């Protein structure tokens, strides 16, 4: 009888040891890796300026001095607006900065990156908005005497920074290309 109870106790002890209380953790959902092709550059010419933009985008004139560079695959666009300077440069710069910093309520951070190209007389700043803001990037450029161009990136979806980060980075690179290839006309 002693050996039967010893065997029973041993079996019960082994069953208790083998049944660990581990919580089953579900496998996390996979995130799709978004990669966008590097497009060739196309020229956009107006009477006041010219620049190169990504050929994979659709550029269109929205008004006398407003342009949209649409990225249908990303459901996003870069909106551009041109103004002549009439003694109001500081007001235009302040308005552009104010528009960028209005996103601060929803943004985690706003990084201002100045841009200076004295050879082409292009001066300005790119504002990278990090977080769930409506616009992920804003910029302005000027020659400081006649021309002023502003731009912003918007997506046609609810802002979710983690989801749109690859597309936002891609469009920020396109904005840098626009700024670097911008040439004013006299």
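Do you know the relative contact order of region 41-184, to the nearest whole percent, from alpha carbon pairs under 8 angstrom that are 6+ apart?
On the way: 268 pairs, mean separation 36.0, N = 144.
Averaging sequence separation for qualifying contacts and normalising by length gives 25 percent for region 41-184.
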Once you've got the GNM for the chain with C-alpha springs shorter than 10 Å, pick whichever of 160, 86, 65 has the biggest mean-square fluctuation. 86
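Multiply the residue separation of residue 50 and residue 62 by 0.36 nm, subtract the distance between their alpha-carbon atoms, and state the gained length in nm to one decimal.
Values: separation 12, 0.36 × 12 = 4.32 nm, distance 1.63 nm.
That pair, residue 50 and residue 62, stretches by 2.7 nm at full extension.
At a Förster distance of 41 Å, what's the computed FRET efficiency of residue 157 paired with residue 123, Cβ-Cβ distance as r, to 0.05? List each step's numbers first, then the result.
On the way: r = 33 Å, r/R0 = 0.80.
It comes out at approximately 0.80.
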Between residue 40 and residue 84, what is 0.36 nm times their sequence separation minus the Cα-Cα distance? Round to one decimal in nm. 12.9 nm
Once both label points are put 7 Å beyond Cα along the C-beta direction, the residue 113-residue 14 separation in nm becomes 6.5 nm
Please work out the ratio of the alpha-carbon Rg of the chain to 2.2 N^0.38 Å and round it to two decimals. 1.72
Measuring from the longest principal axis of the C-alpha atoms of the chain, the long axis of helix 2-18 (C-alpha) lies at a number of degrees, nearest 10, equal to 0 degrees
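Mind ranking 144-153, 88-97 by how tightly packed they are, going by the mean number of other C-beta atoms within 10 angstrom, highest first? Let's see the in-between values first.
Numbers: 144-153: 20.2, 88-97: 14.9.
My ranking of the peptides, most packed first, is 144-153, 88-97.
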Of the residues 47, 120, 60, which exhibits the maximal mean-square fluctuation in a Gaussian network model of the chain defined by a 10 Å Cα contact cut-off? 47
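Every read-out reported here was derived from the displayed coordinates using simple, explicitly stated rules and does not represent laboratory data. The model shown is predicted, which means the values in this text are computed figures rather than measured ones. Cβ: placed from backbone, ideal geometry, glycine included. Neighbour counts: every protein chain shown.
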